[in-house]
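Quick notes on the structure that follows.
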Amino acid sequence: MSGTAAKCMFRPLITVDELLSAQARAEQAQDAQILLVDCRHDLMKPEAGKQAYLQGHLPGAIHLSLDTDLADHAAGLCGGRHPLPARERLRARLEAIGLSEQTHLVAYDSDGGSFAARLWWLTQWLGHERVSVLDGGLPAWLGAGLAMTTENPLPTPGKLRLRTPLVAWVDIDTVADDVAQDRRVVLDARAPARFSGAQEPLDPVAGHIPGALNRFWQANLAADGRFHSTDQLRAEFLSLLKGRPADAVIHQCGSGVTACHNLLAMTHAGLGGTLLYAGSWSEWCSDPSRPVATGG
């Protein structure tokens, strides 16, 4: 395990109206500066996110790539398709785009927060609690009648200190041991067809970790792409866990990305203390010695 997480009191979600108010306060120097980060991505077309950003984005936003900024394939800390970058490397990248101690980072995408949640988790992993995901993302911004821009900002580099992580992750051996000893339960964020093994578009082996439960990350969202209420999310997760405490949950998906969406949803619902299996299914299934289950 990566260590014990400290307690974070900052709200994980921010609405469009709340963002506009925060930006107005920042302009009047009455509050922390806002750093907008565009996290749009397409797993099947990796360049699509940056191309979409260049065609239009929230004013002042900077784009970060899931593949090259929010993961490190050369020297990552785990296996899988999106290995975690080292904390020092991640800090340097976020400092370069303007993140400082008092900056409020707001991440967004156009897919219900599925990619923005990864940056939310990573920023907290650095120990920086001033981070939120824009609830509803780009569609909510446009739905409010707000404009996009094609202007690319020139950020002023920030200065950020590494602090005690506010979130924690576990490695493949810890997952295997915890599941075998029934200490924790794995919550798989992939679509039901991938969880059951009926379909597998991304990884070479279909199925799931034996004993895992399936909570498709899209179940966290209402029809308008915003997160369900805290009461609804809390009730649904508690029903799924059947008496297990939140801190007995390990979140997993294909490569440690949409797993962060379930982690964010539980945090939003007041069910903190959950863990991330960063390597996720893409790491697990790459080892032929690891057991694989299929079916619902």
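The values are calculated or read from the model by the stated rules, or taken from the named source; none is laboratory data. Keep in mind the model is a prediction, meaning the values are calculated, not measured. Ideal geometry is used to build each Cβ from the backbone, glycine not excepted, and the neighbour counts take in all protein chains shown.
Exactly one residue out of Arg81, Arg89, Arg40 is among the charged types (D, E, K, R) and either touching a Cys at 6+ places or on another chain (Cβ under 9 Å) or over 18 Å from Val257 (Cα atoms) (or both): that is Arg89.
Residue-by-condition table, conditions (1) without any contact (Cβ under 8 Å) to a residue 40 or more places away in the chain; (2) touching a strand residue (DSSP E or B) at 6+ places or on another chain (Cβ under 6 Å):
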residue	(1), (2)
Asp182	yes, no
Val186	no, yes
Arg190	no, no
Gln199	yes, no
Ala206	no, no
Asn214	no, yes
Trp217	no, no
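Being of a type in the set (Gly, Ala, Ser), more than 24 Å from Ala180 (Cα to Cα), under 19 Å from the mean Cα position of the chain (by Cα) and surrounded by fewer than 16 Cβ atoms within 10 Å (Cβ to Cβ) holds for only one residue in Ala222, Ala235, Ala198, and it is Ala222.
Is one or more of the residues making up segment 185-195 within 24 Å of Leu90 (Cβ to Cβ), modelled with pLDDT of 95 or more and either of a type in the set (A, V, I, L, M) or not in a loop (DSSP other than H, G, I, E, B) (or both)?
Here is the first cut: in segment 185-195, the ones within 24 Å of Leu90 (Cβ to Cβ) are 189.
Remaining after also requiring modelled with pLDDT of 95 or more: 189.
Adding the requirement that they be either of a type in the set (A, V, I, L, M) or not in a loop (DSSP other than H, G, I, E, B) (or both) leaves 189.
Yes: one or more hits.
Taking Arg118, is it within 23 Å of Ser282 (Cβ to Cβ), within 17 Å of the chain's Cα centre (by Cα) and either aliphatic (A, V, I, L, M) or at pLDDT 95 or above (or both)?
On the way: within 23 Å of Ser282 (Cβ to Cβ): yes; within 17 Å of the chain's Cα centre (by Cα): yes; either aliphatic (A, V, I, L, M) or at pLDDT 95 or above (or both): yes.
Spelling it out, Arg118 is indeed within 23 Å of Ser282 (Cβ to Cβ), within 17 Å of the chain's Cα centre (by Cα) and either aliphatic (A, V, I, L, M) or at pLDDT 95 or above (or both).
Can you spot a residue in segment 121-133 that is buried (at least 19 other Cβ atoms within 10 Å of the Cβ), out of contact with any strand residue (DSSP E or B) (no Cβ under 6 Å at 6 or more places or on another chain) and farther than 23 Å from Phe227 by Cα? Yes, because at least one residue in segment 121-133 is buried (at least 19 other Cβ atoms within 10 Å of the Cβ), out of contact with any strand residue (DSSP E or B) (no Cβ under 6 Å at 6 or more places or on another chain) and farther than 23 Å from Phe227 by Cα.
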